Structure formats: C-alpha cells, structure tokens
Amino acid sequence: MTNIDSINQTVKKEECDHRSSQLLLLHGLGRTPRSMLKMASHFSSRGFSILNLGYNAITNEYQTILDTLDSKVSQWLDPQKPLHFIGHSFGGILIRGLLARHPEWQQGGTKGRCVMLGSPNKGTQTASFMLSHWWLKHFVPKVTKDLTPDSLLIESLPEPEIETGIIAGDVKFSLVIPVSWYYKRATGDAPGDGVVELSNTQCSKMTDFIIMPLHHSFMTWDSALITEAHHFIVHGRFSDAYQRAVEAEKYAE
C-alpha cells in the first residue's frame, strides 16, 4: 500500500467516524437561521445531525438568550454522540456560554470541536463606537453592550476547552453593510472584516486560526469557508490553503 493510499483510507475513516456526530449552528447578530442554511445543508449531506437555532438578540439579554438555547440543545442532543459547534460572530460567544454551563460537553470520548467565524472573542471597538453615539445606540441590539472589549461578559467568559478553530475575514468594507461604513473610525482602520478586528477574533486557547478574504456579513455563504469549517470539524485543523496564525502575528501588534 502506498503512502497516498494510506492517507486516503485514514481520511475516509475519519469522515465516516463523524457521520454519527451532532452539530449545533448559531447565527450572528441581525441574522436568522437562514444565514446558516448552506452550512447546514453541507454537513447534513455528510451525515451530521444538525440543530440550526435562532434567537432574539434585539430585545433579550445575553443570559436570557442562553437560557432558551440551553433548553433547546439539552432536549435535542444525544449524550452518547459527539457534539460539535459552529458559530458566526455573536453565535460564537453564545457557544462559549453554553460550553461554560456544560463542562460535560468538553470531556470524555464524545467531546466535539468548535469553529468560530469572525466572533468578537475579545470584544470589538465597533460596538463601543456605536454605543458612544447618541443616535446609533438606539438602533443596535440589546446585547451590543456585552460585546465591547471592556464588557464584563468578555472579561469573564471562559474560553472553550475543546479543540477550537477560528476563521477571520480581512475585507473591511461593503457598500451594502452600514456597520462597515463606520469600521474605519471605530477601530482606527485596524485589519479586520468590517465589523470585528482580526486580533479580537482570537482566543488564547485556540487550536488553529486562518484568515480568508471575506467580509463579516457574507462569511456563512462562502463555499471555501464551509469547506474549511468541515475540515476542522473532521481533522482538528484547517487545510493549508490560507494564511495561518503564525503568519498573522502582525495583526495582533
């Protein structure tokens, strides 16, 4: 047997091992589960059991949202099967909250993996900017206050203990996304995806980190991103197609 044949057999075995897995999808602020449908379809077609949940962040507090999600996930999941997570933006912060409530999801042979897409793990100056303006602050979700870099939530929320991969975008402007109009002023034109600074997407315990040429608002529909997310869920690392964390240290300076 050649090395290539051996690698192919290993890859097929790993993918088969994950066909009985469960996957929780959580969208970002201002979105609905529809924004995760392409992701859901991709994983569902490969045998994953999918829970694509929505939530109301416009008027609800973080803990209220978490209570509702916690109840739904706990009723749905099979504790005998691995549970994986993919969250876009604020969805990643909600995943961190769920994992903090359920240490059993991060232990034993059924623990899964987590992928965060542009999540403000260290908060974002975009949230601070909007809250500091008398008219903008009336048009943001209630949880925006929890997403500033100095918020109590950001400072106290535990990082995931399971293998976690982070995908960040580096397209800062989109004419059709109003938030990105203010991004330059809010962040001092820091490298980022038009909503969250690149350096603020990272976790100290992250397993892998890549940067893709995407704007924050369009990430979840991108086929290449979905492929990378799948690669991490199956293998615990991203492919070698995109810039990695060690090459992106300049963004944290």
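Here, each number is a calculation from the coordinates, and none is a lab measurement. Bear in mind that the values here come from a model prediction, so they are computed numbers and not experimental data. Heads up, the Cβs are rebuilt from the backbone with ideal geometry, glycines too, and the neighbour counts pull from every protein chain shown.
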With +1 on the Cβ of every Lys and Arg and -1 on the Cβ of every Asp and Glu, the dipole magnitude of the stretch 3-248 about its Cα centre, in debye rounded to the nearest 20, is 520 debye
The chain: relative contact order from alpha carbon pairs under 8 Å, six or more residues apart, as a whole percent, is 18 percent
Most fluctuating of 195, 115, 179 in the GNM of the chain (C-alpha, under 10 Å) is 179
Going residue by residue through the stretch 161-170, the Karplus relation 6.51 cos²θ - 1.76 cosθ + 1.60 with θ = phi - 60° gives ³J(HN,Hα) values, rounded to whole Hz and with x marking Gly or Pro, of 8, 7, 4, 10, x, 10, 10, 10, x, 10
Taking Cα atoms, the helix 3-17 axis meets the longest principal axis of the chain at an angle in degrees (rounded to 10) of 70 degrees
Within the under-12-Å Cβ sphere about residue 162, not counting residue 162, Lys/Arg +1 and Asp/Glu -1 give a net charge of 0
Within the set 152, 26, 131, GNM on the chain using Cα springs under 10 Å gives the largest fluctuation to 152
Per residue convex hull volume, Cα only, the stretch 74-132, in Å³ is 96 Å³
Between the modelled labels at residue 244 and residue 61 (7 Å from Cα along Cα→Cβ) the distance in nm is 4.4 nm
